[in-house]
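Structure, as structure tokens:
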Amino acid sequence: MARRPNWRAIRIHRSYSVDEAARALGVAKVTVRRWIASGGLPVIDDCKPTLILGAELSAFVKGKRAPRHKLRLDQCYCMRCHAPKGAALCEAELIPAKGASAMVRMLCETCAAVMHKRVSWKQVSQLSALVRLSGAQRVKHLGETTQPCVNDHCQKEV
């Protein structure tokens, strides 16, 4: 898969030639020329070499980026479908993790690919109202339990 041009490498108060713009973005000169020929990238063409304003180049590259997908709580991003998808049969598996979050594993409703998502423990109750959760619940820390530790293998035998 091809790399995406990095718009952060462009200085908006500077003008670029085709060669400089291509080097700054990490693309071929032919690509920049194709952007100009399509009419999408405005240039200053009354002088030689053709100059591209940094602000316009940066805005053009930002506009070419794919829109970000906003996921609902009951959705994960499916890498096979390239879209946000819900859980197949409205079922998900909760996998405890360290800290304040857990992993949720579910199958894509369209292609049955495995999808993962990190969810905070505060959102687990909201998620359980939307999908059926299976798997282990959060493991309590020793300080949160009311029962004493039963590690009797640590005691010395007499």
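The numbers here are math on the coordinates, done by the rules we state, and not lab data. All of these numbers come straight from a predicted model, not from anything done at the bench. As a convention, Cβ positions derive from the backbone with ideal geometry for all residues, glycine included, and neighbour counts pool all protein chains shown.
Taking label points 7 Å from Cα along the Cα-to-Cβ direction, residue 97 and residue 4 give a separation of 2.1 nm. Modelled this way, with points 7 Å down the Cα-to-C-beta line, the labels at residue 59 and residue 46 are 1.9 nm from one another. Would you mind counting up the charge near residue 55? Only other residues with Cβ under 12 Å from its Cβ, with Lys and Arg at +1 and Asp and Glu at -1. Taking every Cβ under 12 Å from that of residue 55, the sum is +2.
Computed about its Cα centre, the charge dipole of the range 75-137 is approximately 200 debye, with only Lys, Arg, Asp and Glu carrying charge at their Cβ.
Under 5 Å from the amide H of residue 15 lie the amide H atoms of 54, each residue being 5 or more positions distant or on a separate chain, with H modelled from the backbone and absent for Pro and chain starts.
In order along the range 59-74, phi translates into HN-Hα couplings of 5, 5, 5, 4, x, 7, 5, 6, x, 6, 8, 8, 8, 6, 5, 8 Hz, rounded to whole numbers, per the Karplus curve 6.51 cos²θ - 1.76 cosθ + 1.60 with θ = phi - 60° and x for Gly and Pro. Proximity of backbone amide H atoms, modeled 1.01 Å from N, is registered between residue 102 and 119, 120, 121 at under 5 Å, excluding neighbours fewer than 5 places apart on the same chain. Using the Karplus relation 6.51 cos²θ - 1.76 cosθ + 1.60 with θ = phi - 60°, the per-residue 3J(HN,Hα) values for the range 100-117 come to 9, 9, 9, 9, 10, 10, 9, 9, 5, 5, 9, 10, 6, 7, 6, 10, 10, 7 Hz, with x marking Gly and Pro. Checked against a 30 Å cut-off, the cross-linked pairs 62/85; 62/117; 64/122; 29/70; 64/85 give Cα-Cα distances beyond that limit for 64/122; 29/70.
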